1. Evaluate the stretch 260-280: report whether one residue or more is touching a Gly at 6+ places or on another chain (Cβ under 9 Å) and either hydrophobic (A, V, I, L, M, F, W, C) or closer than 18 Å to G144 by Cα (or both).
2. Tally the residues that are part of a helix (DSSP H, G or I) and either touching a residue at least 40 places away in the same chain (Cβ under 8 Å) or surrounded by fewer than 11 Cβ atoms within 10 Å (Cβ to Cβ) (or both), restricting the search to the stretch 257-269.
3. Which count do you get for residues in the stretch 96-145 that are more than 30 Å from W259 (Cα to Cα) and of a type outside the set (K, R)?
4. Tell me the residue from V235, V213 that is under 22 Å from L93 (Cβ atoms), of a type in the set (V, I, T) and free of Cβ contacts under 8 Å to residues at least 60 places away in the same chain, please.
5. If a residue must be under 15 Å from the mean Cα position of the chain (by Cα), at pLDDT 90 or above and in a helix (DSSP H, G or I), how many such residues does the stretch 182-226 contain?
6. Yes or no: K246 under 25 Å from F79 (Cα atoms), without any contact (Cβ under 8 Å) to a residue 12 or more places away in the chain and within 23 Å of the chain's Cα centre (by Cα)?
7. Filter the stretch 242-282 for residues that are out of contact with any Phe, Trp or Tyr (no Cβ under 6 Å at 6 or more places or on another chain) and of a type in the set (G, A, S) and give the result.
8. Is there a residue being closer than 23 Å to F113 by Cβ, out of contact with any Gly (no Cβ under 6 Å at 6 or more places or on another chain) and surrounded by 14 or more Cβ atoms within 10 Å (Cβ to Cβ) anywhere in the stretch 185-194?
Amino acid sequence: MKSVVITGVSTGIGWGATKVLIGKGFRVFGSVRKQADADRLKAEFGANFVPLIFDVTDEAAIKRAAEEVRTALNGEKLFGLVNNAGIAVSGPLLDLNIDDFRQQMEVNLTGPFLVTQSFAPLLGADRSLKGDPGRIINISSVGGKQAAPFVGPYSASKYALEGMSESLRRELLLFGIDVIVIGPGAVKTEIWNKAEEVDITPFANSAYYPSLVKFRDYFLASGKTGLAPEKLGRVIYKALTTAKPKVRYAVLRGRLQNWTIPQLLPKRFLDRTIGKAVGLIEK
């Protein structure tokens, strides 16, 4: 049985990937931070789901989980690692609390770094294990290529993740381990429900506050019409199993207007268009 480790499976993309991969006959080792989530998912997904309890910022806990997986694999290589766990910190960069910015980077960038270091031996960096080398899937975002205002910390973490993924893909040629980035647009996940709970009153005296309110409303509306998590699960399955995967998959609704055209338009034009839309400049 092929085995995959996925971080952050309690909801959203991680949950969707777990559902799809178990449906395809995989065993999924899924990370959660709470025992209650581990119990819930075990009941939902059955024997082929093995919960791992760790936070992606806790290096010691990650290493313990990797040893647990090594024991379960019994000398075989891990088929795949999906670095999915993440958070989204929002707010005007000039007014943002530095601790929030650091936490964003710690979870979205240092987390995948720590997880990759711990599980890479099981993917094939340890040549004593049997089987073909595995693949690493790093979940980025459309925000890893196109940065919107007021989500600067999130976009910064995803741009950095994409750069790290490119270096890692080339370094891991030594072991035959591939690294693939998936950059989704809006997905129906808990991140949107949590966004509604974000308190923007700390920015009430900021010059950006009126624009921040407009952007938040647009942001939430986009999330509620986003892709189903299972859609991302199917893309993750494809990236793990296809013979010749792309180095990056962009997965979003309205690909032409939301991805292709913005990639071609002049940056200054996009600046003005976005600025007018959220009230940063006059129409």
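The values are calculated or read from the model by the stated rules, or taken from the named source; none is laboratory data. A quick note: this is a predicted structure, and the numbers were derived from the prediction, not measured. With ideal geometry, Cβ positions are generated from the backbone for all residues, glycine too; neighbour counts draw on all protein chains shown.
1. The answer is no; no qualifying residue exists.
2. Number satisfying all stated conditions: 9.
3. 19
4. Checking each option against the conditions leaves just V213.
5. Residues that pass the stated criteria total 0.
6. For K246, the condition - under 25 Å from F79 (Cα atoms), without any contact (Cβ under 8 Å) to a residue 12 or more places away in the chain and within 23 Å of the chain's Cα centre (by Cα) - is not met.
7. Across the stretch 242-282, the qualifying residues are A243, G254, G275, A277, G279.
8. Among the residues of the stretch 185-194, at least one is closer than 23 Å to F113 by Cβ, out of contact with any Gly (no Cβ under 6 Å at 6 or more places or on another chain) and surrounded by 14 or more Cβ atoms within 10 Å (Cβ to Cβ), which makes the answer yes.
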